[in-house]
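In what follows, a structure is listed as structure tokens, so that the remarks can point back to it.
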Amino acid sequence: MASAPVPPLPYPGPPPVVLDASPVPALPAGLRPPQVLLAVGVVLLVAAGVAGPALVGAGPARTGVLALAAGAAVASVWAGRAGLNSTEEACAAAAAALALTGASTGDRPLDGGPLPPLLLAAALLVLRRVRAEPLTWPLAAWVAFQVAALRSLDLAAAGLPRSALLLAVALTGLGTTVVARRTLARVALVTAAPWWGAGVAGGLATAATGAGAERWAAAALVVVVAAALLPVRLVEAVESLVGPPRLVPVLAGLTAGGAVGAALSTDGVLALPAAGELGVLLVSVAAARLTGWRRGVLLPAAEAAGGVLVVLAVVQLVAGARWAALVVLLLLTALPAAWVAAVRRDERPTAAPTALGCLAAAALLAVPAGLLPPGGCAAALTALYAASLAVRPGTAADVRGPTGAVGAVCAAAALVVLAADRSWGQLAAHLAVQGALTWAWGLHLDRSAGDGDTVGEDTVGEDTGEADTGEADTCRKVGAAEGVAAAWTCAALAGSTVVEAWTLPAAAGLLLAAGPRLLDEREPSWPTWGPGLLTAAVPSTVAAVVLPGALRPVLVLGAAAVVLALAGREALRAPLVTAAATAVALAVGLAVAELPLPVAGVLVVGGGLLALGALRESRPVAGFGARLSEMR
């Protein structure tokens with residue numbers, strides 16, 4: 001039987017329940033009531049232990065607090081074996097806090113001797129061996145060890161003993177970071193950082209100012225604690241705390257290099273060159289031999305340490321004006337750099353220019369050292385420039401660029417040295433040699449780009465060919481300019497007043513700058529041949545007409561005839577027109593110059609009228625187109 005529908009209520013129903021949509025504050029994930037009780041119990045227990053000395057005195061309170069700590073430790077061990085993990089950790093925290101309080105009862109935390117905190121740290125490590133699960137035991141042991149170290153600072157003498165104490169604590173913290181669990185590793189690293197900084201500062205000061213064995217002992221300690229940073233970089237738990245991948249290795253290298261450099265800086269005449277060479281060898285061997293993950297960790301450290309050693313050695317040698325020792329250091333630096341460039345392709349763009357630059361610097365410093373005269377230094381620098389050009393065809397583009405830049409600096413330095421010494425004859429010779437080498441390299445690039453050959457380890461494609469073409473143009477122009485400068489220097493030294501001594505080198509330079517374009521049938525002749533030929537022809541033609549003498553006109557006409565014949569054979573417009581104009585202008589000029597002034601005037605006026613008549617016949621204007629009978 002179906003039930004009848006329920007009639008509506010004669011009054012309004014209760015208001016609907018509206019739930020508050022605001023979020024409830026979230027509790028830590030997985031937190032349960034027993035854990036809250038355990039936390040409150042730990043706080044109350046520790047509070048009672050701290051308040052004990054004020055109630056019963058220091059002596060009884062120390063005994064009571066330590067007894068309470070022992071009881072909490074026993075309870076922690078029992079809870080762990082019973083499987084009560086939260087209770088085990090809570091009791092361990094209470095025991096550690098009470099033990100630390102008992103060890104300092106009656107004293108301020110950092111007053112008193114280091115023995116009580118050390119004994120406490122040992123006891124906590126024993127508990128860590130008994131029960132490995134609680135984090136509290138090793139964490140509290142690390143805290144107790146630091147308290148003992150702080151209490152020992154006043155007992156350690158200033159200098160090496162105190163630095164050794166600080167570095168020992170830092171080394172312990174870094175070792176704990178490597179072997180401990182995530183939380184303890186992060187705490188140990190953060191708390192070991194101040195010890196590391198203070199210890200390194202003291203160790204560096206002792207290494208720089210100490211005497212004898214004390215200096216080297218401090219340097220060795222700093223090197224050890226710096227090397228201890230490297231394993232820390234590989235610990236995943238502290239990766240977010242140590243910054244970029246290269247930061248820790250570079251810091252370790254700078255620290256170690258600074259310590260060794262400080263120790264060597266006051267250790268005799270040979271110590272500074274030895275320090276610089278040690279830095280070079282360190283960088284070179286690391287760059288040549290390290291591979292894989294070891295390269296990523298150790299190479300930045302080696303580069304930083306080696307760089308510090310080299311910089312310290314160079315700065316002190318320069319400050320002491322020990323140029324001969326610096327020359328030896330630079331020569332010894334170039335050898336490992338060249339070795340690295342030979343065995344490591346990826347290091348070649350840096351190692352090859354470094355080797356070349358060290359040799360160039362050694363040649364320059366050999367002058368104040370009295371090992372080379374300025375002329376010998378310039379010869380060595382020009383030879384280095386030639387060597388940089390000689391090896392460029394066998395190298396890749398990323399090596400050719402830096403090496404070429406260093407080679408160019410060598411060439412310019414050679415010229416500056418000779419100019420400063422006012423050796424003008426040698427300067428002209430070096431300009432000629434460098435110009436020939438530079439122009440020859442530009443010609444080689446032209447041929448390589450045109451034939452699609454392989455330059456070094458790169459095949460000349462579209463982009464590389466365009467780059468080589470631009471470099472070839474620059475090299476040809478620079479080489480030609482150096483040749484012109486060499487010729488002009490020789491002319492100035494000879495005191496020559498002959499016009500051709502200045503114009504013919506300039507003309508030859510313009511033709512050499514054009515290079516293969518002179519013979520390219522696709523190129524018009526005026527841009528390539530014209531500037532050089534006009535530079536040679538115009539001044540000589542004017543001088544042949546104006547200046548007295550019969551030899552110059554004969555030579556100019558002979559040269560014009562030869563150029564006319566060759567240009568006609570090769571179908572070159574610019575040489576043909578230039579030579580013809582030169583011959584005609586010279587003949588007319590000589591004729592005008594030899595005639596009496598009235599006859600010369602008649603010739604000039606007649607030639608002008610002929611030219612004007614021809615012009616107006618081809619391009620008539622008003623008046624010139626009318627008949628004489630039509631004129632008024």
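What the phi angles of the stretch 479-489 give under the Karplus curve with 6.51, -1.76 and 1.60, with θ = phi - 60°, is a coupling list of x, 5, 5, 5, x, 4, 4, 5, 5, 5, 4 Hz, glycine and proline written as x.
Taking 0.36 nm per residue of sequence separation and removing the Cα-Cα distance, the residue 270/residue 614 pair yields an extension gain of 114.8 nm.
Once you order the gyration tensor axes a ≥ b ≥ c over the Cα atoms, which shape class does the stretch 501-614 get: rounded for a/c under 1.5, otherwise prolate or oblate by comparing a/b with b/c?
prolate
Extension gain, residue 566-residue 604: 0.36 nm per intervening residue step, less the Cα-Cα distance, totals 10.5 nm. Annotation for the stretch 469-486 versus the stretch 115-190: alpha-carbon center distance of 70 Å. The amide H of residue 396, built 1.01 Å from its N in the peptide plane, has 457 as neighbours under 5 Å, considering only residues 5 or more places off or on other chains. Ligands, DNA and RNA are left out, and with a 1.4 angstrom probe the accessible area of the stretch 146-283 is 43 Å² per residue. A probe of 1.4 angstrom, applied to the heavy atoms of all protein chains, finds residue 439 with accessible area near 70 square angstrom. For the pair residue 547 and residue 236, label points projected 7 Å from Cα toward Cβ lie 8.7 nm apart. Between residue 156 and residue 420, the simple label model (points 7 Å from Cα in the Cβ direction) yields a spacing of 5.0 nm. Shown here are the Rg and Dmax of the Cα trace of the stretch 236-350, at 15.3, 51 Å.
Between residue 183 and residue 519, full extension at 0.36 nm per residue minus the direct alpha carbon distance yields a gain of 113.2 nm.
Per residue, the solvent-accessible area of the stretch 501-614 (1.4 Å probe, heavy atoms of protein chains only, all protein chains present) comes to 59 Å². Atom-type composition of the exposed protein surface of the stretch 501-614 places 78 percent of the accessible area on carbon and sulfur (1.4 angstrom probe). Within the stretch 487-502, find all residues whose amide N lies under 17 Å from a label point positioned 7 Å from the Cα of residue 555 along Cα-to-beta-carbon. So the set is 487-488, 490-492, 494-502. What a 1.4 Å probe finds exposed on the stretch 319-436 is 74% carbon and sulfur by accessible area, rounded to a whole percent.
The values are calculated or read from the model by the stated rules, or taken from the named source; none is laboratory data. Everything quoted here is computed from the prediction, not taken from an experiment. Reconstructed Cβ throughout: ideal geometry from the backbone, glycine too, with neighbour counts over all protein chains shown. With ligands, DNA and RNA removed, areas are computed over all heavy atoms of the protein, side chains included. Shrake-Rupley method; radii C 1.70, N 1.55, O 1.52, S 1.80 Å.
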